Amino acid sequence: MFDDLRTISLLDWLENDLLMIVDSCQLASSDASFRRYFRIKTPEASYVVMDAPPDKENTESFIYVAQLLAKINVNVPIIFHQNSVEGFLLLEDFGSQCYLDQLTIENAPELYGRAFDALLLMQSHSTLGHKSLPTYDQALLKRELTIFEDWFLHDGLDTPIPVSLWSSLCDVLMNSALEQPQVCVHRDYHSRNLMFLTDDSPGIIDFQDAVIGPITYDLVSLLRDCYISWSPELVEQWRNEYYQRLVDLDLIAVSPEQFKRWFDLMGLQRHLKAIGIFSRLHLRDGKSTYLNDIPRTLTYVLAVCAQYPELSDFSQFLQEQVVPVYEAFTQSHAS
């Protein structure tokens, strides 16, 4: 099976502490963090085991958020057993098919409709977590934006951004985020974290970083996904339909134009962070496949910057100084 020490410890926990008969153990996935997931099969069932090294990851937040979401009937995996000392969780197996594997133009309305239903559940029951979940405050927003500046512009492309330009951009994005209604935010609500199930899709995973934050964050994460893109017309249609549902539930009381601005600027903040993370995964962690997701994400950034006059200086900086260097970087890595 596996011979690394953590996997040996994981199997020891399953077989000797939980007295399970493990017929097979296979790596199911590893994500952009230090977590890994194994699919184990026993004579009775299939399970997923999370391996989260306690010096690098926190299983307590996963357990806590899972309990919050389960209370409001959001479909998250059942936690059957936990070993917080070693960082292992035995979880319900949602299978290996995520939305990204299944989405087509034909089934997207149905699958996204179900994703909207689950998102609305989280946003309309946010008081459950208001006192206990971290807040998406100015400090966190700034830290996330800094990932783009440090890991993409500086370390990745050696193209520093003028201090005044960066400061004014951050102010625009943070002010927009903080003026929005604050609700439960998954923070990675996209096609790779929504599992395609026979019953009760989607199964929702990777929610351990949930916070109380801007109401458009998860929506733009879903509709302007770093891993799959849809036409601007379709994104607009879905955004408007979701906006109307929020209005009907009295969760927002702003014009469609204001909601669109929140949505666009929130997406810009998220996509800048994502580009920085993809670059960091390449430079620091050797996970270079994430470089393939930068072009789509950068396209979102450029499109939004072109729409807003207050972003014109940043748009010019990207077009004149960043894009040419990035294109040269991609050509050198392709050859």
Test for Glu92: is it acidic (Asp, Glu), more than 19 Å from the chain's Cα centre (by Cα), modelled with pLDDT under 95 and farther than 27 Å from Arg239 by Cβ: no
Any hit, the stretch 168-176, residues being without any contact (Cβ under 8 Å) to a residue 24 or more places away in the chain and either surrounded by fewer than 16 Cβ atoms within 10 Å (Cβ to Cβ) or in contact with a Ser or Thr (Cβ under 8 Å, 6 or more places away or on another chain) (or both): yes
Qualifying residue in the stretch 139-150 (condition: under 20 Å from the mean Cα position of the chain (by Cα) and among the basic types (Lys, Arg)): yes
Residue list for the stretch 285-300, restricted to those being in contact with a Leu (Cβ under 6 Å, 6 or more places away or on another chain), assigned to a helix (DSSP H, G or I) and not aromatic (Phe, Trp, Tyr): none
Counted residues, the stretch 46-67 - those being of a type in the set (Ser, Thr, Tyr) and surrounded by fewer than 21 Cβ atoms within 10 Å (Cβ to Cβ): 3
From Val322, Val304, residue being within 21 Å of the chain's Cα centre (by Cα), assigned to a helix (DSSP H, G or I) and in the same structural domain as Ile147 (by TED's automatic domain parsing): Val304
Odd one out for Phe38, checked against (1) on the phi > 0 side of the Ramachandran plot; (2) part of a strand (DSSP E or B): (1)
Residue in the stretch 210-217 that is outside any loop (DSSP other than H, G, I, E, B), of a type in the set (Phe, Trp, Tyr) and modelled with pLDDT of 95 or more present: yes
Odd one out for Glu257, checked against (1) surrounded by 14 or more Cβ atoms within 10 Å (Cβ to Cβ); (2) under 21 Å from Leu178 (Cα atoms): (1)
Any hit, the stretch 154-161, residues being modelled with pLDDT of 95 or more and under 29 Å from Gln258 (Cβ atoms): yes
Pair list, Cβ under 6 Å, 6 or more apart: the stretch 190-201 residue within 18 Å of Thr297 (Cβ to Cβ), other residue among the acidic types (Asp, Glu) and at pLDDT 95 or above: His190/Asp225; Ser191/Asp225
Residue tally, condition in contact (Cβ under 8 Å) with a residue 24 or more places away in the chain and either within 30 Å of His282 (Cα to Cα) or touching an Asp or Glu at 6+ places or on another chain (Cβ under 6 Å) (or both), over the stretch 3-25: 5
Qualifying positions in the stretch 253-271 - under 20 Å from the mean Cα position of the chain (by Cα) and among the small types (Gly, Ala, Ser): Gly267
Cross-chain or 6+ apart pairs with Cβ under 8 Å, the stretch 235-255 first and in contact (Cβ under 8 Å) with a residue 40 or more places away in the chain, then buried (at least 19 other Cβ atoms within 10 Å of the Cβ) and of a type in the set (S, T, N, Q): Leu246/Gln123; Leu251/Gln123
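Every residue, every condition in (1) in a loop (DSSP other than H, G, I, E, B); (2) outside the structural domain of Asp199 (by TED's automatic domain parsing); (3) surrounded by fewer than 15 Cβ atoms within 10 Å (Cβ to Cβ); (4) in contact (Cβ under 8 Å) with a residue 12 or more places away in the chain, yes or no:
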site	(1), (2), (3), (4)
Glu44	yes, yes, yes, no
Ala70	no, yes, yes, no
Val74	yes, yes, no, yes
Gln82	no, yes, no, yes
Glu86	yes, yes, no, yes
Gly113	no, no, yes, no
Ser132	yes, no, yes, yes
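One line per residue, one yes/no per condition, for (1) free of Cβ contacts under 8 Å to residues at least 24 places away in the same chain; (2) out of contact with any helix residue (DSSP H, G or I) (no Cβ under 9 Å at 6 or more places or on another chain); (3) outside the structural domain of Arg270 (by TED's automatic domain parsing); (4) not small (Gly, Ala, Ser):
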site	(1), (2), (3), (4)
Glu106	yes, yes, no, yes
Leu121	no, no, no, yes
Gly156	no, no, no, no
Pro160	yes, no, no, yes
Trp166	yes, no, no, yes
Test for Trp238: is it assigned to a helix (DSSP H, G or I), under 22 Å from Gly113 (Cβ atoms) and assigned by TED's automatic domain parsing to the domain that holds Ala306: yes
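The values are calculated or read from the model by the stated rules, or taken from the named source; none is laboratory data. In this text, all values refer to a predicted model and were calculated from it rather than measured experimentally. We place every Cβ from the backbone using ideal geometry, glycine too, and count neighbours over all the protein chains shown.
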